[in-house]
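Q: Below is one structure. I have some questions about it.
The values are calculated or read from the model by the stated rules, or taken from the named source; none is laboratory data. A quick note: this is a predicted structure, and the numbers were derived from the prediction, not measured. Positions of Cβ are backbone-derived with ideal geometry, glycine not excepted, and every protein chain shown enters the neighbour counts. SASA here: full protein model, heavy atoms, side chains in, ligands and nucleic acids out. Shrake-Rupley method; radii C 1.70, N 1.55, O 1.52, S 1.80 Å.
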Amino acid sequence: MSAERLDREAAAAAPRPEAPGALETEPVLEALLQGGLDVSLPVRGDSMRPTLVPGDRIVVGPCLGLPRPGEILVRRDDSAGIVAHRLVTVVLEDGRRLYRTQGDNEPGLDAGCRREELLGRVVAILRDGRTLPIDDSAAARRRALFRLAIRRRRPRLLRRAAILATLALFGGGAVSEARAAVGPFAQAVTTFAPAADYRFAPGDVLSLRIWDGEKIDEQQLTVQSDGTAFLPILGLGSIEVGGKTAIEAKKDIEARLSRIYKEIYTELLVLRYAGHRVHLMGEVKTTARTDSGPGDWALEGPTRLVSFLAEHGGPTPEADIMRVQIVKRDGTQQDVNLFKAVFHHSDADNPALEDGDFVFLPSLQMGMRKVYVLGEVNQPGVVTIFDRMTLIEAIARAGGLSLRSNPKEVVLIKRRADGKPDLKAANLKELFKTGNLKDDFELDPGDIIYVSKGFLAHLKDVFSIIAPALDTIESLYIIDDFKNGD
């Protein structure tokens, strides 16, 4: 028999009530349910959103056996008429069972009712001409009960968070005392869901929430050096969590808890990451945040270099971002260009960090990313390479050519891979005249640019002229290398 036909039969048999859902419909509804028939009723109000919304019709069937927590039950209510709410728990009062229900959109439990006040259970939902079945599996009921438990605890957690925020304005010491006073649930607002491939390691502090069908029990676990964590539940003791993902550890915990509890649902979160750490040193900003600057910082799951640096202050203006060094636990070293990682999206220069990595941002003053511009320029001296630099840009940053310069013969001395010199000459006058950039050479660290007054016949002429100037900028070792070649 269809739900629409049953609805018409119930309406024809029932006395006409003054308001929808009034108590006069109860005898007819109860008689139909006792006869094994399903009845369709309209949904009014928002107490069961999003499961039930106004305009829906619920198909109500008789209760089969004892109601189970998580089911949506239809019951009498002296003030509201007929109410469909979810059963949360069953308690004993004066030797009789009291059924406590709660709406999916309500913050607390209903007053409770006796078995004789229960009329039936919701078996399906009629919405927009479609019949939506109710997922009555044990897993679905556990999830629904867990959501209701969190909703009931939310006001208390928010109040405690407000207390902590207020006390934080008056100093860190007061915050520590407040945390001790309000108990472990103060930390629930700062838990993190670990990444799927994050593996717990010694030092990680975890929050384990256990739902046993009636209440939530929250335990704090610290992963020890041997990978175990102590769980203060009779019959369990230490459990292995080190080296496991949250999914793997959760399955193991639920398997062991199932020996004690008939129905169990757990949630495993992270209170504090400490197991995987990266050492950060060098030219790193220290901001108002306490977790910035040089130091020893935890990895919160898979993290790449750029994200890690951005989270912990970022490079200072004096950092040599083109020569960031990463030293692995096994001693291998990797040099990366942070400029390419950010602006060129180079994955090779933005590697994933691992536990034990040492990240060092050297200072520009420590590096050799310098080009020496000498001779007839307005500001001879050292020019720093930040990304790529050409001959014209280096001269421009040295103040440009002086009035006494010979732009037809600008000398560029480069050092080859074998350490020997390589002399190149550029005709800037022709370059400016024609716009042909073939002589606008790209520069490398350590290159020497010399702008002469007149014609230079030989490489040794260049050495004899620029050697005194190089002495003044602390780069005489370049000349020593070049003098070995000809």
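Q: Taking the stretch 271-291, which residues are outside any loop (DSSP other than H, G, I, E, B) and modelled with pLDDT of 85 or more?
A: Arg277, Val278, His279, Leu280, Met281, Gly282, Val284
Q: Okay, moving on. Among the listed residues Asp104, Asp135, identify the single one that is surrounded by 16 or more Cβ atoms within 10 Å (Cβ to Cβ) and either free of Cβ contacts under 8 Å to residues at least 40 places away in the same chain or closer than 23 Å to Gly213 by Cα (or both).
A: Only one candidate passes the filter, namely Asp104.
Q: Continuing with the same structure: May I ask you to verify whether Leu41 is out of contact with any Phe, Trp or Tyr (no Cβ under 9 Å at 6 or more places or on another chain), part of a strand (DSSP E or B) and either over 20 Å from Gly129 (Cβ atoms) or at pLDDT 80 or above (or both)?
A: yes
Q: Where residues in the stretch 235-255 are over 18 Å from Gln224 (Cα atoms) and in contact (Cβ under 8 Å) with a residue 12 or more places away in the chain, which of them is surrounded by the fewest Cβ atoms within 10 Å (Cβ to Cβ)?
A: Taking the candidates together, the pick is Gly235.
Q: If you don't mind, another one. Can you confirm whether Pro69 is assigned to a loop (DSSP other than H, G, I, E, B), of a type outside the set (Lys, Arg) and touching a helix residue (DSSP H, G or I) at 6+ places or on another chain (Cβ under 7 Å)?
A: When the stated conditions are applied, Pro69 passes them.
Q: Considering only the stretch 46-99, state which residues are in contact with a Leu (Cβ under 9 Å, 6 or more places away or on another chain), among the basic types (Lys, Arg) and under 21 Å from Ala139 (Cα atoms).
A: Arg68, Arg86
Q: State all residues of the stretch 327-347 that are more than 23 Å from Pro317 (Cα to Cα) and either buried (at least 18 other Cβ atoms within 10 Å of the Cβ) or in contact with a strand residue (DSSP E or B) (Cβ under 8 Å, 6 or more places away or on another chain) (or both); if no residue qualifies, say none.
A: Lys328, Gln333
Q: For Pro351, which of the numbered conditions (1) of a type outside the set (Lys, Arg); (2) surrounded by 17 or more Cβ atoms within 10 Å (Cβ to Cβ); (3) in contact with a helix residue (DSSP H, G or I) (Cβ under 7 Å, 6 or more places away or on another chain) fails to hold?
A: (2)
Q: So, one more: Could you pull out the residue among Arg156, Arg147 that is over 23 Å from Ile264 (Cα atoms) and surrounded by fewer than 18 Cβ atoms within 10 Å (Cβ to Cβ)?
A: None of the others qualify; the one that does is Arg156.
Q: Hey, another quick one. With the structure loaded, tell me whether Ala425 is open to solvent by 60 Å² or more (accessible area, probe 1.4 Å), assigned to a strand (DSSP E or B) and of a type outside the set (Asp, Glu) or whether it fails that test.
A: yes
Q: If you don't mind, there's one more thing I want to ask. Could we say that Asp226 is within 17 Å of Ala201 (Cα to Cα) and open to solvent by 20 Å² or more (accessible area, probe 1.4 Å) here?
A: yes
Q: Let me ask something else. Across the stretch 42-66, what is the number of residues that are open to solvent by less than 40 Å² (accessible area, probe 1.4 Å) and more than 44 Å from the chain's Cα centre (by Cα)?
A: Number of matching residues: 3.
Q: May I ask you to verify whether Ile260 is over 27 Å from Thr303 (Cα atoms) and surrounded by 18 or more Cβ atoms within 10 Å (Cβ to Cβ)?
A: No, not satisfied.
Q: When you go through Ala84, Ala161, Ala139, Ala80 one by one, which is the residue that is over 32 Å from the mean Cα position of the chain (by Cα) and at pLDDT below 85?
A: None of the others qualify; the one that does is Ala80.
Q: Continuing with the same structure: Scan the stretch 214-252 for residues that are closer than 30 Å to Tyr99 by Cα and in a strand (DSSP E or B) and report the count.
A: Final tally of qualifying residues: 4.
Q: Here's a check for you: in the stretch 338-397, which residue that is in a helix (DSSP H, G or I) and basic (Lys, Arg) is farthest from Glu430 (Cα to Cα)?
A: Among them, the one singled out is Lys340.
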